[in-house]
1. Along the charge dipole of the chain, which of 49, 219, 59 sits closest to the positive end, that is, farthest toward it, with unit charges on the beta carbon of Lys, Arg, Asp and Glu (+1, +1, -1, -1)?
2. Please sort 166-178, 287-299, 27-39, 149-161 by packing, taking for each peptide the average over its residues of neighbouring beta carbons within 10 angstrom, highest first.
3. Please report, to one decimal in angstroms, the Kirkwood hydrodynamic radius of the chain built from all distinct Cα-Cα pairs.
4. Which value, in debye to the nearest 20, gives the size of the charge dipole of the chain about its Cα centre, when Lys and Arg are +1 and Asp and Glu are -1 at the Cβ?
5. If you restrict to DSSP beta bridges whose two residues both lie in the chain, what percentage is antiparallel, to the nearest 5?
6. In whole Å, how far is the Cα centre of region 1-22 from that of region 245-304?
7. Among 11-18, 102-109, how do they line up by average Cβ neighbours within 10 Å per residue, starting with the highest?
8. Compare the peptides 252-258, 45-51, 279-285, 62-68 by average per-residue count of other Cβ atoms within 10 angstrom and give them in order, highest first.
Amino acid sequence: MSKRVLVTGGAGFLGSHLCERLVARGDEVLCVDNYFTGRRANVAHLFDQPNFELMRHDVTFPLYVEVDEIYNLACPASPIHYQHDPVQTTKTSVHGAINMLGLAKRTGARMFQASTSEIYGDPYQHPQTEDYWGNVNPIGRRSCYDEGKRCAETLCFDYHRQHGLRIKVARIFNTYGPRMHPHDGRVVSNFIVQALKGEPITIYGDGSQTRSFAYVDDLIEGFLRMMTSPDDVTGPINLGNPGEFTIRQLAELVVELTGSASPLVHRPLPENDPAQRRPDITRARLLLDWEPAVALRDGLARTIAYFDRLLGAEPPAPAA
Ligand code: NAD
Ligand code: UDP
């Protein structure tokens with residue numbers, strides 16, 4: 001019998017790719033989203049599939065459905081979006097987790113929680129292993145996201161210990177690919193859109209801060225492997241690409257791959273911007289037999305091709 005799978009935040013960037021994979025393998029997929037940063041268009045190609053259903057719903061409110069698995073992805077992921085309404089961001093992570101864990105408790109469903117490398121804050125340990133507790137400012141502008149996600153992890157583990165819930169906590173590092181929103185504000189989409197439009201490429205700070213970028217297909221494979229792993233594999237497990245690049249290197253690579261004439265310009269570094277990020281993925285290798293397969297250069301080329309088509313199809317901006 002096919003599984004009934006709930007994907008919250010399913011109309012977003014990662015959620016839409018996950019829904020696509022689940023539908024293709026024959027699961028009954030219920031995609032739930034309030035369209036804060038996601039779009040119906042991201043999953044429109046699934047509308048005519050009999051095993052796909054889309055529902056507008058905000059996860060801060062309870063949801064009564066019957067499911068076997070829950071992937072809880074609902075939460076804006078880009079700093080400009082999660083800082084737009086920080087109270088709602090924390091509510092989405094905390095109330096959303098409580099509601100989804102409550103649903104998992106009632107239905108006996110497995111619960112996958114999309115956690116984040118932000119758990120580690122501006123880390124003193126490099127690369128980051130899962131047993132590092134992190135260095136997070138509790139009262140800064142990123143805190144609504146970081147602390148909300150940390151509390152969601154706490155809730156997962158308390159529901160696991162207290163109620164025996166089967167949980168899967170994945171700490172996702174920076175992920176990019178087609179269907180990122182062009183105005184999402186994250187670095188990969190910003191740089192590609194700027195390069196394709198011939199606009200200046202905005203490096204925040206001196207560009208020496210590092211990130212590790214994973215291609216979306218690799219991550220979704222990691223999600224699926226984690227959900228089907230044995231019950232004692234609760235996580236947290238880092239999912240990300242250990243290749244580490246400075247933001248300046250990323251800008252230069254995007255310029256090279258797009259053949260753009262865009263200049264590189266500097267803008268102020270946002271508050272509490274982590275200086276470095278790189279996952280130690282030993283645990284994922286060992287427990288999930290997973291590691292990323294797509295190199296940054298190849299993933300960027302595919303993402304550039306996507307944005308090129310998207311921008312080419314956009315109507316010209318209206319006259320002032
Ligand atoms: P995204 O913004 O594209 O997707 C988030 C989705 O959640 C959107 O469709 C949005 O409309 C929906 N949403 C937000 N608040 C909601 C609410 N209250 N109720 C219902 N839906 C709501 O971001 P993404 O990159 O696809 O991220 C998906 C998940 O993965 C998030 O939980 C994010 O924190 C996590 N994550 C992503 C990355 C990354 O690099 N992409 C890294 C770490 C963690
Ligand atoms: N960044 C940048 N220019 C941009 C957008 C982001 O230099 O136009 C930097 C940002 O300051 C951070 C890194 O790129 O150091 C990654 O930012 P993003 O918002 O993608 O993710 P996060 O900071 O959450 O890892």
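1. So the residue we want is 59.
2. On the way: 166-178: 23.4, 287-299: 16.8, 27-39: 21.8, 149-161: 19.2.
With the highest mean Cβ count within 10 Å placed first, the list reads 166-178, 27-39, 149-161, 287-299.
3. Evaluated on the chain, it is 20.0 Å.
4. It comes to approximately 280 debye.
5. Bridges in the chain are about 10 percent antiparallel.
6. 25 Å
7. Listed from highest to lowest mean packing, they are 11-18, 102-109.
8. Numbers: 252-258: 17.7, 45-51: 12.6, 279-285: 20.0, 62-68: 14.9.
The densest-packed peptide leads the list: 279-285, 252-258, 62-68, 45-51.
Every number in this text was worked out from the coordinates using simple rules, so none of it is lab data. Note that the structure is a prediction, hence the values are computed from the model and not measured. Every residue, glycine as well, gets a Cβ built from its backbone with ideal geometry; the counts of neighbours run over all protein chains shown.
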